[in-house]
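The values are calculated or read from the model by the stated rules, or taken from the named source; none is laboratory data. Worth saying up front: this structure is predicted, and the values here are computed from it rather than measured. Here Cβ is always computed from backbone atoms with ideal geometry, including for glycine, and neighbour counts include all displayed protein chains. Heads up: the accessible areas ignore ligands, DNA and RNA and are worked out on the full protein's heavy atoms, side chains in. Shrake-Rupley method; radii C 1.70, N 1.55, O 1.52, S 1.80 Å.
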Amino acid sequence: MDFSFVESKRDHGRDCFVYTGHTDLDLLSIASLRGRADRDRFGLPVAGPDQDTFTPHTTHLLVMVEGEVVAGAELVAYSPLGLPLTEWPALQGVLRHSGRLVQCRRPVVRPEFAETPLPDLPFGALGGLLKGCLQWAVLRDVSDVVVELAGGRAADRLTQLGFTPVEGSGPPAEPRTYRLHVSRLVARGFQAGHPFYRYLLEYDESVLVGETSTTAAA
């Protein structure tokens with residue numbers, strides 16, 4: 001996994017955008033992506049249960065380039081079911097103290113787009129997914145974005161963005177839970193000179209995550 005985020009020039013004439021999926025075709029497209037790899041970009045198995053009880057609380061985030069879905073992830077809002085973390089409910093008390101939660105899980109990217117800057121997505125498909133996740137969280141007043149990582153480069157890169165291990169989470173050698181305080185990332189973005197933070201916060205017509213029926217529970 002790489003979060004280098006090398007900026008490219010934009011080409012607004014190209015069809016590249018991030019959006020929340022609603023149709024059967026969207027779901028089939030993301031399932032096809034997951035069928036290409038054994039593990040997701042967080043280092044965890046991409047295969048999920050046949051009957052996922054979190055489906056009613058899940059928003060599918062996709063990246064499309066020239067009519068093809070090239071990346072996707074799931075945003076699972078906190079609900080009476082909790083979150084689909086391996087360490088849930090052991091971390092429930094610590095996480096719920098923060099307020100409104102959403103877990104980002106199962107991110108997948110077609111290999112040829114994994115580290116490639118794209119027109120209208122200057123930090124690539126992975127950067128687009130992160131921006132879409134942040135915008136979704138801000139629009140719904142989510143306090144924390146939670147992820148589960150299997151160590152390695154994913155943990156190192158997300159730590160650089162401000163993710164921190166959840167107190168009481170397991171050892172680094174095992175899948176470990178990290179969280180990001182959304183307001184802290186936004187504040188850091190205004191202070192930092194790195195172009196990736198400016199990209200995360202600027203208005204972008206190619207990020208379409210405003211309409212969804214899934215909301216984060218208080």
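Points to keep in mind about this one:
- Residue match in region 123-141 (condition: in contact with a Lys or Arg (Cβ under 9 Å, 6 or more places away or on another chain), at pLDDT 90 or above, part of a loop (DSSP other than H, G, I, E, B) and open to solvent by 10 Å² or more (accessible area, probe 1.4 Å)): no
- Evaluated against (1) at pLDDT below 75; (2) surrounded by 15 or more Cβ atoms within 10 Å (Cβ to Cβ); (3) closer than 27 Å to G21 by Cα, R188 falls short on exactly one condition, (3).
- Counted residues, region 40-65 - those being free of Cβ contacts under 8 Å to residues at least 24 places away in the same chain, closer than 30 Å to A173 by Cβ and under 18 Å from the mean Cα position of the chain (by Cα): 2
One line per residue, one yes/no per condition, for (1) hydrophobic (A, V, I, L, M, F, W, C); (2) open to solvent by 20 Å² or more (accessible area, probe 1.4 Å); (3) within 15 Å of the chain's Cα centre (by Cα); (4) over 30 Å from Q51 (Cα atoms):
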| position | (1), (2), (3), (4) |
| --- | --- |
| S79 | no, no, no, no |
| L91 | yes, no, no, no |
| R96 | no, yes, no, no |
| R100 | no, yes, no, no |
| D156 | no, yes, no, yes |
| Q160 | no, yes, no, yes |
| E167 | no, yes, no, yes |
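- A Cβ distance below 8 Å, combined with a sequence gap of six or more or placement on separate chains, defines the contacts here; from region 66-90, residues that are at positive phi reach residues that are in a loop (DSSP other than H, G, I, E, B) in the pairs E66/R14; E66/D15; G67/D15; G82/W88; G82/P89.
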